[in-house]
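Enquirer: One structure follows; several queries about it will come next.
The values are calculated or read from the model by the stated rules, or taken from the named source; none is laboratory data. All of these numbers come straight from a predicted model, not from anything done at the bench. Using ideal geometry, Cβ is built from the backbone for each residue, glycine included, and neighbour counts are taken over all protein chains shown.
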Ligand SMILES: CC(C)(COP(=O)(O)OP(=O)(O)OC[C@H]1O[C@@H](n2cnc3c(N)ncnc32)[C@H](O)[C@@H]1OP(=O)(O)O)[C@@H](O)C(=O)NCCC(=O)NCCS
């Protein structure tokens with residue numbers, strides 16, 4: 001059994017703690033904090049680093065502009081979009097993510113492209129012991145869509161999860177009509193494990209989600225290496 005409990009927008013990037021975190025490890029945990037990359041993709045050079053308070057302005061600008069692009073895929077959260085994504089909301093959100101990271105529950109990354117804010121990727125619900133699993137959630141600035149950013153970011157994060165973090169299985173849940181996200185995961189070798197019925201409340205309805213997963217054995221020599229072999233990424 002996991003020693004602590006957290007749930008989240010598995011397919012977004014903003015986890016929500018529902019337990020007290022009692023029993024969770026304190027201080028640093030394997031693989032955190034970390035900087036991942038750089039990795040060259042079509043859109044530019046991507047890297048991942050822990051979320052920071054100073055992401056506030058860039059985070060808010062992109063999230064407010066991309067409301068329609070993001071909202072149909074992300075779990076419902078109380079409050080108005082404009083208020084939840086004001087720059088003043090970020091310190092609380094990023095502070096919560098960083099606190100969970102210190103407890104070992106979550107690895108919350110900011111995605112950078114050419115050193116500019118480009119989105120978020122979170123490894124969440126990190127469970128150790130015999131399970132050693134986590135989920136991955138992500139979103140990317142719509143102006144970079146189709147540039148290989150999410151694919152490269154997930155590859156970096158999964159390799160990190162199976163390396164320094166010491167996990168064995170990474171899951172992702174995706175609405176069946178989120179073709180871009182499914183494509184990201186299929187390109188990287190995630191397997192489809194079935195349909196989760198009425199899984200998550202999104203845009204006012206309980207939506208089915210596909211469950212996809214990859215294990216350490218299936219990742220072989222790593223997902224970044226796989227992308228490089230397929231000509232989809234390069235060392236900058
Ligand atoms: C899903 C998302 C993260 C993808 O980010 P991205 O950086 O554009 O992803 P990539 O460029 O790495 O890959 C996207 C792939 O989907 C393909 N794609 C995009 N729209 C598509 C569509 N409607 N049908 C089929 N394929 C599509 C792209 O062509 C690309 O594949 P390719 O490299 O073979 O050409 C981004 O669209 C996003 O943030 N969406 C909103 C939030 C979200 O859905 N998060 C994930 C929830 S599970």
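Enquirer: With the structure loaded, tell me whether residue 15 is closer than 25 Å to residue 181 by Cα, in contact with a helix residue (DSSP H, G or I) (Cβ under 8 Å, 6 or more places away or on another chain), within 16 Å of the ligand (Cβ to nearest atom) and at pLDDT below 95 or whether it fails that test.
Expert: The answer is yes for residue 15.
Enquirer: Moving to a separate point now. Does residue 234 meet the test of being surrounded by fewer than 18 Cβ atoms within 10 Å (Cβ to Cβ) and more than 9 Å from the ligand (Cβ to nearest atom)?
Expert: Considered against the rule, which asks whether it is surrounded by fewer than 18 Cβ atoms within 10 Å (Cβ to Cβ) and more than 9 Å from the ligand (Cβ to nearest atom), residue 234 comes out as yes.
Matching residues to (1) over 15 Å from the mean Cα position of the chain (by Cα); (2) in a helix (DSSP H, G or I); (3) more than 16 Å from the ligand (Cβ to nearest atom):
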| site | (1), (2), (3) |
| --- | --- |
| 98 | no, yes, yes |
| 101 | no, yes, yes |
| 130 | yes, no, yes |
| 147 | yes, no, no |
| 152 | no, yes, no |
| 182 | no, yes, no |
| 185 | no, yes, no |
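Enquirer: Quick check on my filter: what residues within region 157-180 are in contact with a strand residue (DSSP E or B) (Cβ under 7 Å, 6 or more places away or on another chain) and within 12 Å of the ligand (Cβ to nearest atom)?
Expert: 171, 172, 173, 174, 175, 176
Enquirer: Report yes if residue 212 is within 19 Å of residue 133 (Cβ to Cβ), at pLDDT 95 or above and surrounded by 12 or more Cβ atoms within 10 Å (Cβ to Cβ), otherwise no.
Expert: yes
Enquirer: What number of residues within region 75-96 are surrounded by fewer than 16 Cβ atoms within 10 Å (Cβ to Cβ), over 23 Å from residue 203 (Cβ atoms) and within 21 Å of the chain's Cα centre (by Cα)?
Expert: Result for region 75-96: 4.
Enquirer: Has region 129-139 got at least one residue that is closer than 15 Å to residue 29 by Cβ and at pLDDT below 95?
Expert: Yes, region 129-139 has at least one match.
Enquirer: Give the residues of region 62-80 that are within 15 Å of the ligand (Cβ to nearest atom) and without any contact (Cβ under 8 Å) to a residue 24 or more places away in the chain, sorted by residue number.
Expert: 63, 64, 67, 68
Enquirer: Quick one: is residue 199 at pLDDT 95 or above, over 22 Å from residue 49 (Cα atoms), touching a strand residue (DSSP E or B) at 6+ places or on another chain (Cβ under 9 Å) and part of a helix (DSSP H, G or I)?
Expert: Spelling it out, it is not the case that residue 199 is at pLDDT 95 or above, over 22 Å from residue 49 (Cα atoms), touching a strand residue (DSSP E or B) at 6+ places or on another chain (Cβ under 9 Å) and part of a helix (DSSP H, G or I).
Enquirer: Hey, any hits in region 209-218 for a residue that's touching a strand residue (DSSP E or B) at 6+ places or on another chain (Cβ under 9 Å) and not in a strand (DSSP E or B)?
Expert: Yes; the residues of region 209-218 include at least one that is touching a strand residue (DSSP E or B) at 6+ places or on another chain (Cβ under 9 Å) and not in a strand (DSSP E or B).
For (1) surrounded by fewer than 22 Cβ atoms within 10 Å (Cβ to Cβ); (2) in contact with a helix residue (DSSP H, G or I) (Cβ under 9 Å, 6 or more places away or on another chain), each residue gets a yes or a no:
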residue: 116; (1), (2): yes, yes
residue: 128; (1), (2): yes, no
residue: 136; (1), (2): no, yes
residue: 143; (1), (2): yes, yes
residue: 149; (1), (2): no, no
residue: 155; (1), (2): no, yes
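This table checks each residue for (1) modelled with pLDDT under 95; (2) farther than 28 Å from residue 177 by Cα.
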residue	(1), (2)
28	yes, yes
36	no, yes
41	no, no
50	no, yes
59	no, no
66	no, no
85	no, no
88	no, yes
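Enquirer: OK, next. Within the set of pairs 6+ apart or on separate chains, which have a first residue in region 138-151 that is closer than 12 Å to residue 45 by Cβ, a second that is near the ligand (Cβ under 6 Å from one of its atoms), and C-beta atoms under 7 Å apart?
Expert: Once the first residue is closer than 12 Å to residue 45 by Cβ and sits in region 138-151, its partners that are near the ligand (Cβ under 6 Å from one of its atoms) give 149/140.
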